[in-house]
Each structure stands twice: as C-alpha cells, then as structure tokens.
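Written below as structure tokens is the structure these notes are about.
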Amino acid sequence: MQIIFHESSRTFHLQNNDISYIIKVLPNDQLGQLYFGRPVRDRENFDHLLEMNHRPMTSYVFEGNKMFSLDHVKQEYPSYGTTDFRHPAVEIAQPNGSRITNFTYHSYSISAGKPALDGLPATYTEQDDEAQTLTITLRDELLGADLELSYTLFADRAALARSARFTNNGCMDLHLTTAMSLCLDLPDMNYEWLQFSGAWSRERHLKTRRLEQGIQSVESTRGTSSHNHNPFVVLKRPETTEFSGEAIGFSLIYSGNFLAQAEVDTWNTTRMTMGINPFGFDWKLAPGEAFQTPEAVIVFSTTGLNGMSQTFHKLYQKRLARGYWRDRARPILINNWEATYFDFTEDKLVRIAEAAKNDGVELFVLDDGWFGERCNDFAGLGDWFANTDRLANGITGLAERIDALGMKFGLWFEPEMVNKDSDLYRAHPDWMICTPNRRASHGRNQFVLDYSRKEVVDYIYGMMSKILSEAKVSYIKWDMNRCITEAYSASLPADRQGELFHRYILGVYDLYDRLTTNFPHVLFESCASGGGRFDPGLLYYAPQGWASDDSDAIERIKIQYGTSMCYPISSIGAHVSVVPNHQVFRVTPIETRANVAHFGTFGYELDLNKLTEEEREKVREQIRFMKQYREVLQFGTFYRLISPFENSNFASWMVVSEDQKTALVGYYKILNEVNGPYHRVKLCGLNPEFSYCVDGESVHYGDELMHIGLLTTDGAAGELTPDKRKSTDFDSRIFVLHAE
Ligand code: DGJ
C-alpha cells in the first residue's frame with residue numbers, strides 16, 4: 001500500500017494490491033479523477049488519461065481555450081455551473097444569493113492509519129500500518145472556506161473510505177445545501193445498478209437494472225436510512241457474476257436521509273455520488289464553524305459480487321463494529337414479542353424463560369410493554385421505568401429471577417419516541433418534533449423526540465443508565481418505529497431548520513456512544529420496525545441488527561440474501577418463530593425456520609412451552625448445533641451460491657471456516673417437485689486438496705465439491721431425502737462438511 005504524490009504532474013496515486021486510484025490537479029486547480037480500478041504500475045505522469053475534446057455547445061473554463069471544459073472532465077468533488085452541468089458534490093448558498101463555488105488545490109498531507117470522525121461512526125484502524133490516509137485541502141478564496149477531502153486506503157483490503165470536511169474561515173455565513181461524502185466519475189456506463197429496496201417486512205430485496213443516460217438513484221427522506229432503500233448500491237459489469245468480474249460497492253456509514261445516485265451523461269460517463277440527501281438539507285456554516293460529512297466506503301472487486309461482499313463483511317465486522325461483542329459468538333436468545341405481545345406478567349415471562357433455559361437458550365429478552373402505562377401502543381413511550389402492575393418487582397426483580405435461572409437478561413427500549421399519554425410528554429410537550437401551528441402526524445400513535453437537543457438526549461440517557469446500573473441487563477434491543485414528519489425543532493433558529501434531520505442522527509449517535517462507552521459489556525441490537533435502520537452507521541455501535549419483522553423462513557431467505565451483499569452474517573438478527581407465521585400465516589417446518597436463522601445471530605421468537613415434546617427435542621438439537629458451529633456461521637467466509645432472486649424455487653449459501661476444515665451449506669427449496677431434475681450445487685471456498693466428509697456419510701475432495709458439485713436432489717414424489725425424511729414444500733437442509 002502506498003500513497004504517492006508526483007509534484008511535477010500534481011498527481012496522487014493511491015495504490016495497494018487490489019486498487020489504483022489516481023487523482024490529478026486540473027489546469028484550473030480543481031481536482032480531476034483519472035482512474036479507479038485494478039492496480040497499475042506507478043509513473044510520474046498520468047496526464048494522458050486526462051481526456052479533453054472540443055465539443056459543440058460546450059462551455060469552456062478559459063477564454064481562448066476550446067478544450068478544457070468541466071462538462072466532460074472526470075472530477076473528484078465537482079460543483080455545478082462553471083461549465084459542469086451534472087449534479088454536484090457540493091453546493092453552497094452565499095449571502096449574495098450565488099451558489100457558485102471554486103475549491104482549488106491548496107495542500108495535502110499523508111498520515112499513517114486513519115483519524116476518527118468527530119461524532120460520526122466510521123471505519124477505523126487498530127495499527128497504523130493497516131491504512132494510510134490522504135487529506136487534500138482545497139480552498140475557495142472568495143468564500144474563505146476550506147474543503148478537506150479525506151481518502152483512506154486500507155493495506156490488505158480492496159476498500160477506500162472517503163469523507164469531506166468544510167471549514168468556514170471567512171467572515172460570511174455560508175449555507176451548505178449539498179455536501180456529498182463521495183463522488184466518483186467513471187469513464188463509461190457499461191454497468192448494471194444493484195439496489196436493495198423494499199418495505200416494512202420486505203427489506204433489502206435485490207433489484208437490478210442497466211444504467212442508462214439520465215439519473216438513477218435511491219434515497220431516504222424519512223429521517224431513517226429506511227426499509228424502502230438501503231444506503232448501499234453496486235455497479236457491476238453486465239458479465240459480472242457472483243464469482244467473477246468487476247463490481248464496485250458503495251456504502252454510506254450513515255443512518256439518516258441519504259442519496260445514492262448515478263448520473264450518466266450524454267457522453268456515457270457515469271457520475272456516482274453518495275452522501276446526506278441534499279433534499280431538505282441546509283446546514284448553516286457560520287464563520288469559524290466546520291462541517292464533517294459521513295464516511296462512504298468504496299469496495300472494488302474483480303471476483304464478482306461474492307468477492308465484494310467478503311471485503312465488506314471483513315471490513316465491517318472487524319473495523320467498523322467495535323467493542324466486547326465484536327469478535328464474540330453471539331448468545332442464543334429468546335424474545336417474548338411474538339409470544340406475548342403486550343399480554344404478559346412477570347410469572348408468564350419467567351415460564352417462557354424457564355423453558356428456554358431448559359432447551360439451552362442463553363439470553364432472555366423482554367420486548368415492548370414493560371414500562372410506564374404501556375398496555376398497548378397508545379401510551380408509555382418516554383417513561384423508562386417499570387410498570388409495576390405487570391412487573392411487581394420491577395426490572396431489577398425480573399432480571400434477578402432470570403439470572404437465578406442461569407440466563408442473561410435483555411431489555412427493549414425505543415428511546416427516540418414519546419406517546420402523548422406519558423409522563424415525559426406531560427412534562428416536556430415541546431420536546432416532540434412538530435412544526436408550529438401545523439397538525440403533528442403520528443406513526444403507531446407515537447411522536448418523535450427532538451434528538452437535536454442535548455437536554456433531550458441527556459434525559460433519556462439518565463433514564464436508561466439508571467436501569468442499566470440497577471439491574472443486570474446484558475443486552476439492549478433499541479427500536480425505532482416511525483418516520484419523522486413535520487420536521488422542525490423548537491430549539492433551532494429559522495435559518496438552521498434544514499439541519500434538523502442530521503442533528504437528529506447526531507443525537508442518536510451521541511446516545512449510542514454514551515451507552516456503549518459506559519456499559520461496554522452490554523450487547524446492543526439495533527432495530528427499526530425490523531430492518532428500517534439496518535445500516536453501517538448503527539453497526540458501529542450495535543454489532544447486530546434485527547433484520548426484519550418478517551420472521552417467516554421463506555420470506556427471510558430473500559431478506560437475508562439481500563442483506564448479505566453488504567453486511568456480515570454476525571450482524572443479521574434472525575429468529576425461529578411460531579407457525580402459522582404471524583406476518584404471512586405460512587406453515588413451514590421447524591427445521592427450515594432454524595436452517596435460515598442459523599445464518600444469523602440465531603434465537604427464538606415464541607413460547608417454547610407451546611411446542612410439542614417432539615418439536616422441543618428438535619429445538620434442543622438446533623441449539624446444540626448452533627453452539628457447536630456459531631463461530632463458523634457468524635465469522636466464517638460467506639458465499640452466496642443460488643440466488644432466490646434468480647431461481648424461483650431454490651436458494652443456497654454457505655460458510656467456510658478460516659482453516660477451510662469446516663463448511664456449512666444451507667440449501668432451501670420453496671415448493672416440492674414431482675419427478676424433478678437432478679440438482680447439484682457447486683460449492684466455494686473449500687481447499688481442493690482436502691477430502692471432506694459430508695454429514696458424516698460420503699467423502700469427497702474439495703475440488704470435486706467445487707467443480708462438480710454437491711448432489712442435493714430431493715423431492716421426487718415418494719423419495720426420501722438423504723436424511724431419511726419425506727421431502728415437503730419449504731424443505732431445507734444444512735450440509736455439514738468436515739475435512740478429514
Ligand atoms: C418492532 C420490532 O421490530 C419488533 O421486533 C418489536 O420489538 C416491536 N417493534 C415492539 O413494539
């Protein structure tokens with residue numbers, strides 16, 4: 001890994017074994033993008049890569065020069081209106097009404113490692129030799145503003161982290177209305193765009209389309225990263241598969257309103273921008289103030305989508321997630337939500353916990369309904385003290401009973417919300433986000449606290465830390481169940497209202513930061529009505545997230561498959577729930593429910609007392625299996641094998657241990673087949689030299705399993721599956737491979 005500056009050609013070359021990224025100071029002193037892709041040999045001068053041409057109807061920067069136009073030069077952090085007409089990375093509204101900016105090269109510095117981003121989640125290094133960071137300072141003399149572009153190149157990863165920081169050193173108020181985290185101009189449009197979209201209970205479904213001239217984008221305007229779109233997109237070559245070809249992943253480490261956009265211009269170049277959504281964004285930068293954008297990560301793969309995902313998984317698992325739980329296999333939990341909803345007593349909860357303990361579960365999680373006057377979803381949010389009608393001995397008493405069973409205890413909070421029927425609202429009605437003299441819309445009968453206000457965050461921290469200090473709480477599920485409407489803060493002046501959405505998220509990060517710092521052994525699981533805020537920003541604080549409220553095994557295959565494109569398996573909250581399923585009312589075998597949830601953090605979302613003894617025995621076996629293999633399942637190398645988005649009836653994925661001696665292959669069939677074809681699935685990541693024993697039965701070399709495949713045929717009418725069961729609809733299997 002090296003970052004080189006060639007003074008004579010004013011060229012930066014960021015280079016490691018996987019990537020070259022070349023930047024040049026352009027003739028007008030702005031920054032140009034010359035190349036991003038596979039590594040190339042360094043040279044003093046890459047000026048030949050600067051493509052310029054005389055074109056009709058083009059505006060040019062210098063009088064007398066008909067070649068240099070920003071309209072068709074690839075740039076690093078472009079602005080609009082000085083010959084470039086594409087969407088910019090930066091726009092600043094100035095006191096005289098102008099929005100024209102001109103950030104030109106001033107200086108650079110290169111440092112070992114990676115500095116932290118103040119108040120924002122970001123990737124990090126533990127040793128200085130893990131990465132180098134290039135900071136290029138640009139200056140707009142007229143505005144008196146500096147712009148620092150930061151590029152961190154990791155030593156052994158095909159990954160580049162970028163962000164931007166603005167400082168107002170002048171004497172005018174500036175308003176940042178666009179401040180993207182990255183811009184990457186690519187020389188052609190021969191890409192497919194992959195996005196991860198959906199809705200509540202249908203999160204992160206993979207959608208693919210060809211890039212075309214014009215704009216394609218995904219965004220959030222909801223105050224959360226959202227169920228609807230994820231702050232992650234991929235550009236891949238049309239011929240790229242899961243295992244071969246070029247793919248570029250773009251991921252924003254942010255949990256609020258975002259925009260990810262590809263603009264293809266009339267000459268077929270592609271401008272990718274990603275950052276805080278400029279829609280509704282207006283950040284006042286008064287003299288002396290600075291603004292730091294969130295970080296965006298670019299991953300480059302020449303080994304297809306699997307290669308890209310593995311780079312994201314390892315980076316996010318080891319250098320984004322943090323703390324005590326980062327490298328630890330996650331406890332198997334039972335959550336009472338789908339078992340009881342709001343209808344519980346202390347004894348009922350303890351009975352659920354007892355059964356779970358008996359079957360091997362390690363952590364009991366009490367979900368919504370334990371606090372204030374919370375008997376339904378009209379009341380209580382904001383009152384983070386136990387409802388003693390239900391829990392006579394409070395949280396402390398319940399936690400002690402769970403502890404006495406030999407289990408850990410976890411608790412649900414929804415710290416950003418308030419119901420009007422709550423002590424908090426009655427005491428502080430002005431703490432709720434709403435616009436003066438306008439109706440305040442509700443979501444699930446609740447309203448959003450103004451987390452841009454420090455006193456609000458302080459107050460909630462006080463309530464939560466009291467419980468965490470008094471009771472033995474090992475885990476927190478942090479929920480968030482509505483979007484932000486009528487966005488307005490009573491504490492911000494008129495010319496700062498456009499800051500609210502971002503300030504809100506900074507408040508969320510602040511509370512997460514205080515809690516994780518002061519209670520470092522507590523495991524946090526993020527949640528927002530399922531996967532409404534499943535993003536890298538929260539992964540920095542909470543190493544796992546509840547992936548979706550849809551707990552149906554068949555639905556979950558797509559959700560977890562899409563999620564795995566960016567996020568590691570150790571981050572994917574996945575549970576076995578009851579049948580008929582509460583979201584789609586489908587009945588699936590308990591084996592399949594576990595076979596899907598095993599590729600996640602694993603737990604149960606039901607009352608085990610209500611299962612038959614035969615089912616209980618299966619549960620015990622599932623838990624034994626998870627305890628035996630969770631290190632590999634959660635921290636092994638993950639491969640997607642058969643896509644449920646391409647194959648309507650089958651899906652498959654697998655994990656391989658670091659030493660390649662253990663592999664687990666999840667294989668899922670939606671509907672049974674009559675007299676169907678033979679099926680084989682080609683495995684990945686095995687050692688071709690090793691001979692693997694499959695399920696303790698047949699033995700095959702790794703090369704055979706990878707090149708010829710693993711026979712998975714089942715389901716012909718009346719036939720038995722290899723594990724001697726009759727195959728059914730919604731059947732599945734996990735093949736266990738051990739190298740002999
Ligand atoms: C939404 C979450 O996703 C569920 O798991 C559950 O915690 C409910 N909220 C409780 O209100």
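Before moving on, here are some points about what is shown:
- Neighbourhood charge, 13 Å Cβ-Cβ cut-off, centred on ARG586 and excluding it, Lys, Arg +1 and Asp, Glu -1: -2
- Of the trypsin sites (Lys or Arg not before Pro) in segment 1-98, the ones in a loop by DSSP (not H, G, I, E or B) with at most 16 other beta carbons within 10 Å are ARG41, ARG43, LYS66.
- Likely footprinting exposure, MET626, MET57, fewest C-beta neighbours within 10 Å first: MET57, MET626
- Span per principal axis, largest first, for the Cα atoms of segment 29-139 (Å): 52, 43, 22
- Per-residue ellipticity at 222 nm computed for the chain from its helices equals -5500 deg cm²/dmol, with DSSP H segments shorter than 4 residues left out and the rest contributing -39,500 (n - 2.57).
- Annotation for segment 640-686: chymotrypsin sites (Phe, Trp or Tyr not before Pro) lying in DSSP loop with at most 11 further Cβ atoms inside 10 Å of their Cβ are TYR678.
- Solution diffusion estimate, µm²/s, Stokes-Einstein, segment 185-241, Kirkwood Rh from C-alpha pairs, 37 °C, viscosity 0.692 mPa s: 266
- Residues ILE19, ILE276, ranked from the fewest to the most other C-beta atoms within 10 Å, line up as ILE19, ILE276.
- Extension gain (nm, one decimal) between GLU613 and SER491, 0.36 nm per residue minus Cα-Cα: 38.1 nm
- Charged neighbours of GLU631, selected by a Cβ distance under 13 Å, balance to +2 (K, R count +1; D, E count -1).
- Across the chain, C-alpha contacts under 8 Å between residues 6 or more apart give a mean separation that, scaled by the residue count, equals a relative contact order of 10 percent.
- Neighbour net charge for ALA286 - beta-carbon separation under 11 angstrom, K R +1, D E -1: -1
- Taking the number of Cβ atoms within 10 Å of each Cβ as an exposure proxy, the fewest-first ranking of SER226, SER69, SER8 is SER8, SER69, SER226.
- Cross-link table LYS207/LYS558; LYS207/LYS314; LYS618/LYS726; LYS114/LYS314, entries beyond 20 Å C-alpha to C-alpha: LYS207/LYS314
- In this structure, the amide hydrogen of ALA392, modeled 1.01 Å from its nitrogen in the peptide plane, lies closer than 5 angstrom to those of GLU346, counting only residues at least 5 positions away or on a different chain.
- Rounded D (µm²/s) - segment 590-740, Kirkwood Rh over Cα pairs, Stokes-Einstein at 10 °C, 1.306 mPa s: 98
- Approximate spin-label separation SER111-LEU142, in nm, with each point projected 7 Å along Cα-to-Cβ: 3.2
- Most to least packed among 183-189, 551-557, 437-443 [average Cβ atoms within 10 Å]: 551-557, 183-189, 437-443
- Check: segment 509-668 dipole with +1 on Lys, Arg Cβ and -1 on Asp, Glu Cβ, in debye: 160
- Under 20 Å from the ALA404 label point (7 Å along Cα→beta-carbon), backbone N, segment 354-388: 354-366, 386-388
- Cα-centred dipole magnitude for the chain, charges only on beta-carbon of K, R (+1) and D, E (-1), debye, nearest 20: 400
- Dipole of segment 72-129 computed with +1 at Lys/Arg Cβ and -1 at Asp/Glu Cβ about the Cα centre; of THR101, VAL73, THR83, farthest Cα towards the positive end is THR83.
No value in this document is a laboratory result; all are computed from the given coordinates. Since the structure is predicted, the reported quantities are computational estimates derived from the model, not experimental observations. Note that we place each Cβ from the backbone using ideal geometry, even for glycine, and neighbour counts take in every protein chain shown.
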